[in-house]
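Contents: one structure, followed by commentary.
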């Protein structure tokens, strides 16, 4: 059995395979509400056989949205449509997950196909916050540094969002501490210039993430897994680096986190990132080995052979795909065929299933 199709146990749940749908912003919400688009988008990947499906970043507060069109989970009214989606994913045998997020200084920006940079308040934008009053880029909003009350509100918002996520039927929560959004902004000395207990030393810069993790774990059931997505490096001198990522992962393991979703970058515009197939996998491998925690690999993984090699080489426990799932919603079903695995198709699609030939090597 290829590693890609081995089950993966995470606390009290078991993924039927090690293929996950990575969170992908759809910028298709109004006032944070999920729509039929989200049902079809996520549901199609469940029909396609993914073991874990993580919804796009769901803002824990209105001011935590990246754009006005972001998905949200900051009020109870968001729950019913999310329940409809999770019920469908579960019915297809996929585990539903949700990424909880706060965009920090990268909030109040246009969705990709509507514009660039800051959305002015006159056009539906809002004041943004961050660890320090340092904008991400010249055309991004100028943030206000969070004060003590603001930090406590962020923690409370993540906690309340986790309670709603459970009510909505999600079985996995992922905290978004990557890509230059709020929790990552606190981690990096390039965006965190604070001199209080939330800035300066490594221990201070990770404090908010640890407090959010603790608040989430308090309300998230013991039998359900908690994931954290981090950027393992800022790809910039003087920024967050792989050594700190390993150290953080080791600490998160002791705080009830079950898997580190290993991405990179996002906190520095135009950082020199060596983008290419599997360019982030090495970070997942190092964290897995040195921190002794399960990891997920992500980043331009496009073929079953690439995904299988990552797992077979012990570099990760889970492979997350994004763009490839946009191109091919049925990637797991087709990967099973390519790797010679007999995987059941939905009965409605059975007539389209490729058949494994009796002769060795012929499919």
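As a summary of the residue check, residue 256 satisfies the conditions (1) surrounded by fewer than 18 Cβ atoms within 10 Å (Cβ to Cβ); (2) on the phi > 0 side of the Ramachandran plot; (3) over 19 Å from the mean Cα position of the chain (by Cα) except for the one numbered (3). Among the residues of region 121-161, none is identified as under 24 Å from residue 270 (Cβ atoms) and at pLDDT below 95.
Only one of the numbered conditions (1) surrounded by fewer than 18 Cβ atoms within 10 Å (Cβ to Cβ); (2) part of a loop (DSSP other than H, G, I, E, B) is violated by residue 170, and that is (1). Within region 127-136, identify whether any single residue is out of contact with any strand residue (DSSP E or B) (no Cβ under 9 Å at 6 or more places or on another chain) and either buried (at least 24 other Cβ atoms within 10 Å of the Cβ) or closer than 22 Å to residue 73 by Cβ (or both), and answer yes or no. No, region 127-136 contains no residue that is out of contact with any strand residue (DSSP E or B) (no Cβ under 9 Å at 6 or more places or on another chain) and either buried (at least 24 other Cβ atoms within 10 Å of the Cβ) or closer than 22 Å to residue 73 by Cβ (or both). Pick from 245, 284, 271, 249: which is assigned to a helix (DSSP H, G or I) and either at pLDDT below 95 or closer than 30 Å to residue 138 by Cβ (or both)? One residue alone meets the criteria, 245.
Those strands (runs of 3 or more DSSP E) of region 1-86 in which at least 1 residues are at pLDDT 95 or above, closer than 28 Å to residue 124 by Cα and touching a helix residue (DSSP H, G or I) at 6+ places or on another chain (Cβ under 8 Å), considering only elements entirely within it, cover 52-59. Taking the criterion of being assigned to a helix (DSSP H, G or I), under 30 Å from residue 115 (Cβ atoms) and touching a strand residue (DSSP E or B) at 6+ places or on another chain (Cβ under 7 Å), the residues of region 140-164 that qualify are 150, 158, 161. Scan region 120-134 and tell me whether some residue there is without any contact (Cβ under 8 Å) to a residue 24 or more places away in the chain and assigned to a loop (DSSP other than H, G, I, E, B). Yes, region 120-134 contains at least one residue that is without any contact (Cβ under 8 Å) to a residue 24 or more places away in the chain and assigned to a loop (DSSP other than H, G, I, E, B). Across region 309-339, the qualifying residues are those that are in contact with a strand residue (DSSP E or B) (Cβ under 6 Å, 6 or more places away or on another chain) and within 22 Å of residue 354 (Cβ to Cβ), and the one among them that is surrounded by the fewest Cβ atoms within 10 Å (Cβ to Cβ) is 325. Among the residues in region 295-308, are any at pLDDT 95 or above, within 27 Å of residue 201 (Cβ to Cβ) and surrounded by fewer than 16 Cβ atoms within 10 Å (Cβ to Cβ)? No: zero hits.
Quick check on region 291-309. Is at least one of its residues in a helix (DSSP H, G or I), more than 17 Å from residue 185 (Cα to Cα), within 19 Å of the chain's Cα centre (by Cα) and touching a residue at least 60 places away in the same chain (Cβ under 8 Å)?
yes
Among the residues of region 212-235, those that are touching a residue at least 60 places away in the same chain (Cβ under 8 Å) and more than 24 Å from residue 320 (Cβ to Cβ) comprise 215, 219, 222.
Residue under question is residue 98, and the condition is that it be closer than 22 Å to residue 73 by Cβ, in contact with a strand residue (DSSP E or B) (Cβ under 6 Å, 6 or more places away or on another chain) and buried (at least 17 other Cβ atoms within 10 Å of the Cβ); does it hold? So residue 98 fits the description; yes. Assigned to a loop (DSSP other than H, G, I, E, B) and in contact with a strand residue (DSSP E or B) (Cβ under 7 Å, 6 or more places away or on another chain): is that true of residue 276 in this structure? Spelling it out, it is not the case that residue 276 is assigned to a loop (DSSP other than H, G, I, E, B) and in contact with a strand residue (DSSP E or B) (Cβ under 7 Å, 6 or more places away or on another chain).
The values are calculated or read from the model by the stated rules, or taken from the named source; none is laboratory data. Please read all numbers here as calculations on a predicted model, not as lab measurements. Heads up, the Cβs are rebuilt from the backbone with ideal geometry, glycines too, and the neighbour counts pull from every protein chain shown.
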